[in-house]
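Novice: Handing you this structure, nothing more for now.
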Amino acid sequence: MHDGCDGNKILTWSLDSFDLENPEGSGIYLADIAKALGNLCRFTGQCDFYSVAEHSVHCCRIALSNHPGNWELAFAALMHDAAEAYTGDISKPLKKMIEPIFGPIEKRIEDAVRARFKIDNRYDHQVKIIDMGMLKAEKRHLFPKSPLAENLDEYPDYAVQFGMLPPKKASLLFLDMYVDVCSKLTITKERDND
């Protein structure tokens, strides 16, 4: 009996397929990323709907607020979870448990997305700090009675206006931010060829 799968490929919004085993040879499209991140709920859906797309836009805005004019950092912050369009947003505890198998697959997909969009890795540390500060703000907003947010005291406190946008609006917000940030970069035409 067929299991409905086509090898290691997943179907994407653009009706192309993405090969999880060969991401470098797959079509990686902005529309697919925006659609998927808008549909993906943070915290494995254990909160009111709050998308990875909205999270990414907040990270981008924080990057610009803390580093005005650094559009490469803003772009890296916006795209930092783009690979989740193909892997899903896996909880950190589960990710740690399946690291030996999932880690190399995730890295190849992240590297393929980075290559496709020319994301500069020299900003990885700054993006991580922004991402963790956002996680702290999100946990305090979405899970106000949980002590887990207190484990993040070493990260910055960000004042964030959470929109809790529905998927389509979150996807459009992500696309709008992408266009805005890329309009400030000098290599936009090389990045944006979908």
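Novice: What is the percent carbon and sulfur in the accessible area of segment 12-119, measuring with a 1.4 Å probe over the protein chains and ignoring ligands? List each step's numbers first, then the result.
Specialist: Values: 2690 of 4750 Å².
C and S fraction of accessible area: 57 percent.
Novice: Right, something else. Report residue 128's accessible area, 1.4 Å probe, all protein chains in place, as a number in Å² to the nearest 10.
Specialist: Here the residue's solvent-accessible area equals roughly 90 Å².
Novice: Karplus couplings for segment 166-178 from phi (6.51 cos²θ - 1.76 cosθ + 1.60, θ = phi - 60°), rounded to Hz, Gly and Pro as x?
Specialist: x, x, 4, 5, 5, 4, 5, 4, 4, 4, 4, 5, 4
Novice: First select every other residue whose beta carbon is under 14 angstrom from the beta carbon of residue 90; then total the charges, Lys and Arg +1, Asp and Glu -1. Provide the component values of the computation, followed by the final result.
Specialist: On the way: positive: 42, 92, 95, 96, 107; negative: 81, 84, 89, 99, 106, 110.
Charge balance near residue 90 sits at -1.
Novice: Something else: Across 5 Å bins from 0, what is the distribution of all Cα-Cα pair distances for segment 102-163, in whole percents?
Specialist: 4, 16, 18, 17, 14, 17, 12, 2, 0
Novice: Accessible area per residue of segment 1-134 at 1.4 Å probe, in Å²?
Specialist: 50 Å²
Novice: Oh, and also: Looking at the square roots a ≥ b ≥ c of the eigenvalues of the Cα gyration tensor of segment 56-114, which shape do they give, rounded for a/c under 1.5, prolate if a/b is larger than b/c, or oblate? Intermediate values should be presented prior to the final figure.
Specialist: On the way: a/c = 3.08, a/b = 2.15, b/c = 1.44.
Taking the square roots of the gyration eigenvalues as a ≥ b ≥ c, segment 56-114 is prolate.
Novice: Considering amide H positions built from the backbone, and no H for Pro or chain starts, which residues 5 or more places from residue 51, or on another chain, come under 5 Å of its amide H?
Specialist: Sorted by chain and number, the residues that satisfy this are 42, 165.
Novice: Between residue 164 and residue 184, what FRET efficiency follows from the Cβ-Cβ distance if R0 is 25 Å, with the result rounded to 0.05? Write out the running numbers ahead of the final one.
Specialist: Numbers: r = 28 Å, r/R0 = 1.11.
It comes to 0.35.
Novice: Around residue 77, under 12 Å between beta carbons, what's the net of Lys plus Arg minus Asp minus Glu among the other residues?
Specialist: Details: positive: 61, 128; negative: 72, 81, 120, 124, 131.
After counting each charged neighbour, the total is -3.
Novice: Here is a further query. Out of segment 86-172, which GluC sites (Glu not before Pro) are coil in DSSP terms and have no more than 14 other C-beta atoms within 10 Å? Mind dumping the intermediate values first?
Specialist: Numbers: sites: 106, 110, 138, 150, 154; in loops: 154.
Listed in order of number, the matching sites are 154.
Novice: Moving to a separate point now. Starting from the Kirkwood radius over alpha-carbon pairs of segment 1-51, derive D by Stokes-Einstein at 20 °C in a medium of 1.002 mPa s and give it in µm² s⁻¹.
Specialist: Values: Rh = 12.6 Å.
Answer, rounded: 171 µm²/s.
Novice: Starting from the Cα coordinates of segment 15-100, work out the convex hull volume and express it per residue in Å³. Show your work: numbers first, answer last.
Specialist: Numbers: hull volume 10.7 nm³, N = 86.
About 124 Å³ per residue, rounded to a whole number.
Novice: Further question on the same structure: Using a 1.4 Å probe and ignoring any ligands, DNA or RNA, find the accessible area of residue 160 and quote it in Å² to the nearest 10.
Specialist: 30 Å²
Novice: Give me the compactness ratio for segment 79-191, meaning the Cα radius of gyration over 2.2 N^0.38 Å.
Specialist: On the way: Rg = 15.9 Å, N = 113, 2.2 N^0.38 = 13.3 Å.
Normalised by 2.2 N^0.38 Å, the Cα Rg of segment 79-191 equals 1.20.
The values are calculated or read from the model by the stated rules, or taken from the named source; none is laboratory data. Values in this document were obtained by computation on a predicted structure and should not be read as measured data. In this analysis, Cβ positions are derived from the backbone assuming ideal geometry, glycine residues included, and neighbour counts consider all displayed protein chains. Ligands, DNA and RNA are stripped out before the accessible areas are found, and what is left, the full protein with its side chains, is counted by its heavy atoms. Shrake-Rupley method; radii C 1.70, N 1.55, O 1.52, S 1.80 Å.
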